[in-house]
Structure formats: C-alpha cells, structure tokens
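The values are calculated or read from the model by the stated rules, or taken from the named source; none is laboratory data. Since we're looking at a predicted model, the values are computed, not measured. Please note: Cβ atoms are built from the backbone with ideal geometry, for glycine as well, and neighbour counts cover all protein chains shown. We work out accessible area using only protein heavy atoms, side chains counted, and drop any ligands, DNA or RNA first. Shrake-Rupley method; radii C 1.70, N 1.55, O 1.52, S 1.80 Å.
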Amino acid sequence: MTEITSPPRSPSGIDIAEWTRDRIRKGRLVPGQRLVEVDITRQTGASRSKVREALQRLEGEGLVQIDPFRGASVRTASIEEVRQIYRARIALEGIAAGDFVRNADAGQRARLRELQEKLESCVAGNAPERFGRLNTEWHGLLVEGSGNAVIADVLRRLNVPIHRLLFESFYNADRLRVAIADHALIIAAIDANDPDAAEAAMRKHIADGFHTLSAIDHEVRG
C-alpha cells in the first residue's frame, strides 16, 4: 500500500480519517498516544471541524478513543477483542483462500509467489518491518484474487494490523519462520488447485497468529 504522506488540498473528514488510519496502520501513531486536533490541523491543512469529523469516524471503527476530558487518543485493543477479530479473520480469509484457487488469474498467482520469495528474503535478512509490509500485501493480494468484494470490505475494516495495537514483538525471528512455512502450505494448495486445502491451510495460519499473540500477552502480563 502506498504511504499517504499528506492528504489532498482542502481535505475532507474522510481524507483526514484515512491519513490518520494510515499512520496507525504503520505504527507511527501508537496505542495510547493523544491525537491533538491542532497538531492534525497544522499537519494536514484541514479545518478543526473536519478533524473532529475524522476522529469521530475513527472512533466508530474502534481505532480511536475519545474522552470528554482528555480528548482523542489511539485506542488500545484488549486480547479478548483481538480474539474476536482473529475468529472473524479465520473464517473470512479461509473462504478467500479457497476462492483464490477458483478465481485468481495467472498473474495474481505469479505475484503471490513473487511476494513469498521477498518475504523469505526478509526472514534471511532479519527485516521484520519490511516483512510486515509485504505480509499485508500478500494477504491483500490473496483476498483480491478471490474476487469476493464483500470479504475484502469487511477485512479492510478489521485489518489495521492488530498486532501493532498490542505488541511490537509480534514479528520476531521464530514467528517469521512459522508464517513463511504456513504461506508455503497455502501456496502448495493453490498450485494443486485444491480450494479446500487452501482454505484449511489459511485457517491454520490465522489461528497460529492468534496463538502467538496470546503467548506474548501471557508473557507481558507475567
């Protein structure tokens, strides 16, 4: 996804919401960080009313928390909320993987393999931040190739990378290797034109991600 460095001139509330959402997605705005209206106005050129509209929109999406006394801040997700999100992802991305086998064209299949090779190089080169960006692109391409616009829309709202709202240590070396192995199983099922196996492999992959987050949460809480 291309980085949104600045919104368009005379930005709308939707533009400012996307600009802010992009910074949350990339970890430039972190959980608990205050979102000061005057700072956003200065950075974007938007009016205060448009900034307020954007923050209210993001509050509705669950990304921002607005307190009457402290103002807006980036919301922190609980492990229970993450569990619910991952349960939804298991179902939706599993279906998308099966539909990718049925509907993706040759170019999309080739691009998926190309991204997999780049992800493998990130593991070898210990580049977790790049891995995170490419991993988001890999999953996005799989959903795109599924041809299921409804699933794509729902996941777009779910998939501000939830691990960044909780733990910076999600992409450690061991997790990267597990993710790559999971991807390889999914791609093998796609190459075999087996939608059921692709769906099962994707479901396992997303479940593995949640188990990792749960383990990190347990360690953090002691």
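Does region 1-107 come out rounded, prolate or oblate by the C-alpha gyration tensor, with a ≥ b ≥ c the root eigenvalues, rounded set by a/c under 1.5 and, if not, prolate when a/b is larger than b/c and oblate if not? Cα axes put region 1-107 in the oblate bin.
Counting helices only, and only those DSSP H runs with n ≥ 4, report the 222 nm mean residue ellipticity of the chain as the sum of -39,500 (n - 2.57) divided by its residues, in deg cm²/dmol to the nearest 500.
Numbers: 9 runs with 154 residues, N = 222.
It lands at -23500 deg cm²/dmol.
Relative to the current alpha-carbon distance between K118 and E61, full extension at 0.36 nm per residue lengthens the span by 17.3 nm.
Taking the Cα centre of region 79-221 as origin and assigning +1 to Lys and Arg Cβ atoms and -1 to Asp and Glu Cβ atoms, the resulting dipole is close to 200 debye.
Which peptide among 86-92, 31-37 comes first, and what is the full order, when sorted by highest mean count of other Cβ atoms within 10 Å? List each step's numbers first, then the result.
Numbers: 86-92: 17.7, 31-37: 14.3.
Highest mean packing first, the order is 86-92, 31-37.
Summarising the amide proton neighbourhood of R75: residues at separation of 5 or more, or on other chains, whose placed amide H is nearer than 5 Å comprise G32, V64, Q65.
How much length is gained if the chain between S214 and R34 is pulled fully straight, taking 0.36 nm per residue apart and subtracting their Cα-Cα distance, in nm to one decimal? Could you put the intermediate results ahead of the total?
Values: separation 180, 0.36 × 180 = 64.80 nm, distance 2.65 nm.
Using 0.36 nm per residue and subtracting the Cα-Cα distance, I get 62.1 nm.
Evaluate the relative contact order of region 79-221 (contact order divided by residue number), counting alpha-carbon pairs under 8 angstrom at least 6 apart; express in whole percent. Provide the component values of the computation, followed by the final result.
On the way: 144 pairs, mean separation 58.8, N = 143.
Worked out over region 79-221, it gives 41 percent.
Averaged over its residues, the chain has an accessible area of 52 Å² per residue, based on protein heavy atoms and a 1.4 Å probe.
Taking all protein chains as they are arranged and a probe of 1.4 Å, the heavy atoms of V150 leave approximately 100 Å² accessible to solvent. Comparing Q43, Q84, Q56 in a Gaussian network model of the chain where C-alpha atoms under 10 Å apart are linked, the largest mean-square fluctuation is found at Q43.
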